[in-house]
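This report refers to the structure that appears directly beneath it.
The values are calculated or read from the model by the stated rules, or taken from the named source; none is laboratory data. No experiment lies behind these values; they were computed from the predicted model shown. For neighbour counting, all protein chains shown are included, and Cβ atoms are generated from backbone atoms with ideal geometry for every residue, glycine included. Accessible surface areas use protein heavy atoms only, side chains included; no ligands, DNA or RNA. Shrake-Rupley method; radii C 1.70, N 1.55, O 1.52, S 1.80 Å.
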Amino acid sequence: MLVHHPKRAALLAYLAAALPRGAHRRDTLLALFWPESDASRARAALNQALYVLRAALGEKAFTPRADGEVGLNGDVVSCDAAAFEAALDSGRPGDALALYRGDLLAGFYVEDAPEFERWVERERARLRERASEGAWALAEEKAAAGDPLEAERWARRAADLVPADETVARRLMTFLDALGDRAAAIRAYQAYARTLAQEYELEPSAETQALAATIRDREPAAPVMRSPKLTPLTPGPAARIVRRRLLPILLVAAAVAGALGYSVVTRLRRAAAASRVPRVLVLPFQNLGPAEDAYFADGITDEITARLATVKGLSILGGQAALRYKGTAKSPREMSEEVGADYVLQGTVSWQRARHGPGRVRVRPQLIKAREETQAWAAVLDEDMNTTELFALLSGITRRVVDELHVTLDVSQAQRLSVIPTGSLEAYDYYLRGRTFVRGAWSASNNRGAIELLERAVERDSTFALAYAWLSIAHTNAEWLHSLGVHHFQQAKEAAERALTVDSQLPDAYRALGHYYYACCQDYQRALSYLEIGHARRPGDSQMVMFIGNVHKRAGRWDEAIRYYEEAASLDPGWQTPLLNLSQVQLWVRRYEQAERTSMRALALEPRDAFAYTIWGSVPLLRDGDLVTAGRIVQEAAAVSDGYDGMRLPFYLELLQRRYKTAVQRLSSRLGPVDTGDDWLVNDQVRTAVVSRLLGDSVAARAHFDSARIELDQRLVEFARSPQMQNWLRSGLAVCYAGLGRRTAALEQAAKVVASDPPAVDAISGPAALQDVALAYVMLGDRAAALDVIERLLSIPARFSPRLLQLDPLWDPLRGDPRFERLARGRS
């Protein structure tokens with residue numbers, strides 16, 4: 001009921017969370033939620049909303065109040081934001097932080113209620129600051145209790161909650177130094193300095209540099225021993241050392257912060273505005289024609305965005321960042337504050353169809369200075385609907401924007417702005433319709449629809465390079481994402497090469513070839529060469545940048561991957577996919593706090609994303625062996641995520657808790673028999689087989705191992721050109737043969753995998769292949785070989801940790817071995 005009426009949900013949230021707690025005046029609620037309505041309509045709307053809430057929650061949910069007030073009964077309706085603050089106020093920061101899962105009402109938006117949106121933004125900032133202070137309180141509590149490891153973890157979380165504040169950076173440095181970890185304090189300074197340089201082209205203030213120099217140059221004190229979690233009844237020597245060192249340093253830091261007298265955020269924003277290239281948010285142009293013409297307005301927006309993205313002197317925001325504001329009531333200034341835009345380009349599109357012939361197209365673009373909310377340029381452009389006039393119109397819009405922003409074009413850029421991709425209006429129409437399928441959900445039916453329409457486009461115009469490029473991407477995805485047949489890879493290559501033959505400068509064609517070599521053959525060097533050419537021709541293309549990050553990730557160039565993912569996320573702040581890839585890299589390189597934070601950023605953009613939940617849930621598991629927290633995250637995913645049935649983490653959590661029958665029940669075939677190439681145990685047949693083995697059901701285990709073997713043998717032929725998939729499939733076969741008692745065949749497959757050095761072939765899926773090989777050795781009774789592989793896994797980036805070794809029943813045959821026990825304790 002509330003899902004379809006966000007204003008009612010917003011009213012409930014406000015009544016539960018707004019300060020002061022208790023009753024709220026009706027006139028305040030009217031101003032918040034119905035500011036544009038006349039008094040009688042606003043009151044009627046409020047009464048209707050309250051009636052629906054009472055019907056949904058029960059009469060007891062509301063406290064009896066005078067006619068002018070409305071209040072919720074806190075004994076009936078609980079609110080995590082209120083409980084969070086209550087826990088902080090009563091001195092229970094640990095309980096409070098357990099309730100804090102991210103920003104208040106993240107991703108929630110209500111139309112026509114600007115005051116409510118402003119209240120939400122203020123509350124988000126206030127609660128974030130309170131969470132930070134709670135984390136600091138926990139950090140100091142852990143330090144005083146003689147647990148510097150936990151103290152450091154909470155201090156870092158406190159700093160991460162308010163990352164743009166220089167006073168917080170100094171506080172973290174002094175705290176880490178007081179714990180006796182001078183190197184960590186210097187690393188914190190270097191990370192902050194790097195952030196300033198990359199994002200704002202600034203250096204830390206003189207005060208911060210002086211503090212870093214003091215920490216760096218001081219003679220190191222005796223280190224505080226990092227010990228397991230302890231809660232002594234009385235503070236021990238380590239706690240007294242921390243207290244003696246921490247108090248004077250924090251007092252000095254507080255004095256410096258007071259002398260500074262302002263947050264670094266303001267300084268950063270001013271400097272960034274003065275130094276960076278103009279940042280333009282291109283909003284989806286509004287369709288003023290029939291609803292069925294929406295694809296045409298979207299196509300116009302895409303065309304303008306793509307042309308502007310070729311201009312090196314501009315930073316263009318489009319994609320998901322722009323789609324967030326489709327139909328929004330937010331002002332340009334509010335959008336500017338959220339995504340850092342200097343200008344907003346918006347407009348309307350109307351295709352005025354004629355009874356005979358295509359008719360005319362009218363476009364009304366408007367360029368707005370975002371912070372001042374003043375118009376920089378506007379026009380009404382009305383042309384006959386033919387390709388020459390249409391593309392001249394689009395070229396004129398992009399050139400006028402470039403001129404207004406005083407950006408100089410070189411010859412090649414000017415030529416790209418004036419390009420006419422096709423002379424056939426019918427071909428262009430099919431292309432635009434096909435793009436709507438490409439932009440839609442990643443489903444097999446959408447993929448087939450895109451291919452069909454794009455093929456019609458190139459049939460109408462065999463020189464339509466842009467359509468060929470997108471046809472190539474659709475064919476690549478057909479096999480890569482949906483396993484619709486390997487012949488699609490060949491068709492993808494042919495379409496991309498045809499696009500380059502027609503237009504050797506087309507960025508989309510280079511992106512298509514890069515995507516093909518990445519997905520088809522794991523030829524990462526060749527993929528990178530094409531993508532870098534495309535990036536040079538269209539530097540503002542966030543998808544191109546993310547694809548480059550993907551190549552670096554698979555090649556194990558972790559820092560480069562992180563850099564490109566962060567750039568892609570900056571180019572399109574509303575797009576969660578770069579953040580998902582970034583969180584995956586952070587998990588593999590064991591930067592667990594960063595992975596957790598990034599996955600939650602992705603969930604704020606798309607609250608149902610199963611992959612983000614998988615990364616988030618993996619953090620407490622890999623870092624702490626915390627099955628309870630991981631289980632809570634999985635339960636949340638089960639309630640909200642459309643992709644929950646395809647998640648493997650629920651299976652592994654049951655396996656790690658040795659609930660074998662429940663583990664099998666968690667398996668599903670939603671993603672197909674072979675999944676992503678990144679997970680271990682390869683497919684659900686193998687997973688069922690190993691669990692049957694743990695249950696002592698040798699007959700069922702053999703049946704599932706044999707079924708998996710047949711399928712994996714078939715897939716080896718299908719993926720003959722993919723070294724990554726060859727390793728992954730062979731590692732699964734090694735497990736199957738070991739389970740079937742075929743020792744020679746198992747060792748042969750394992751030897752082939754190990755000889756190929758899987759992490760060097762693919763840094764993401766390679767460790768999973770090694771993990772399978774280690775399991776095969778365990779099943780064959782070859783302890784030394786298994787431990788060799790496990791030791792290597794712990795020494796390279798991987799979704800693998802000592803905590804998993806301690807928990808996973810599949811490694812039980814190794815327990816008691818001194819070498820295994822040493823590795824399980826995190827010692828090499």
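Please work out the FRET efficiency for the pair D626 and R25, using the Cβ-Cβ distance as r and a Förster radius of 45 Å; give the result to the nearest 0.05. Using R0 = 45 Å, I get an efficiency of 0.50. By accessible area, using a 1.4 Å probe on protein heavy atoms only, the chain has 51% of its surface on carbon and sulfur. Once the chain from E426 to D382 is taken as fully extended at 0.36 nm per residue, the excess over their C-alpha distance is 13.9 nm. Compared with the direct C-alpha span, the chain from R371 to H5 gains 128.6 nm at full extension, assuming 0.36 nm per residue. Label the range 504-633 by shape, choosing from rounded, prolate and oblate, from the square roots a ≥ b ≥ c of the eigenvalues of the Cα gyration tensor; if a/c is under 1.5 it is rounded, and otherwise prolate applies when a/b is larger than b/c, oblate when it is not. It is prolate, given that a/c is not under 1.5 and a/b is the larger ratio. Between the beta carbons of R822 and R101, assuming R0 = 35 Å, the FRET efficiency works out to 0.45 to the nearest 0.05. Compared with the direct C-alpha span, the chain from S529 to D559 gains 9.0 nm at full extension, assuming 0.36 nm per residue. With protein chains left intact and a 1.4 Å probe, residues in the chain average 44 Å² of accessible area per residue. Over the chain, DSSP H runs of length four or greater, each weighted -39,500 (n - 2.57), average out per residue to a 222 nm ellipticity of -20500 deg cm²/dmol. Based on Cα contacts under 8 Å between residues 6+ apart, the range 1-138 shows a relative contact order of 26 percent.
Out of the range 501-550, which chymotrypsin sites (Phe, Trp or Tyr not before Pro) are coil in DSSP terms and have no more than 16 other C-beta atoms within 10 Å?
none
If R0 is taken as 22 Å, the Cβ-Cβ distance between L694 and A760 corresponds to a FRET efficiency of 0.10. Along the chain, counting only trypsin sites (Lys or Arg not before Pro) with a DSSP assignment other than H, G, I, E or B and at most 10 other Cβ atoms inside a 10 Å radius, the longest segment between sites is 356-824. Restricting the calculation to Cα atoms, the range 706-755 yields a radius of gyration followed by a Dmax of 10.1, 29 Å.
Ranking A322, V120, H535 by Cα position along the charge dipole of the chain, where only Lys, Arg, Asp and Glu carry charges on their C-beta atoms, puts V120 farthest toward the positive end. GluC sites (Glu not before Pro), restricted to the range 370-459: which are DSSP loop and have at most 12 other Cβ atoms within 10 Å? Sparse-neighbourhood loop GluC sites (Glu not before Pro): E372.
Please give me, ordered by residue number, the GluC sites (Glu not before Pro) of the range 27-101 that lie in loop per DSSP and have at most 14 other Cβ atoms within 10 Å. For GluC sites (Glu not before Pro) across the range 27-101 that sit outside H, G, I, E and B with at most 14 neighbouring Cβ atoms in 10 Å, the list reads E36.
Pairs on different chains or at least eight residues apart, Cα atoms closer than 22 Å: how many lysine pairs in the chain fit?
Count of close lysine pairs: 7.
With a simple spin-label model that places each label point 7 Å from the Cα along the Cα-to-Cβ direction, the separation between A55 and D713 comes to 6.3 nm. Between D293 and T501, the simple spin-label model (points 7 angstrom out along Cα→Cβ) gives 3.7 nm. Ranked from largest, the principal axis spans of the Cα set of the range 132-178 equal 29, 19, 12 Å.
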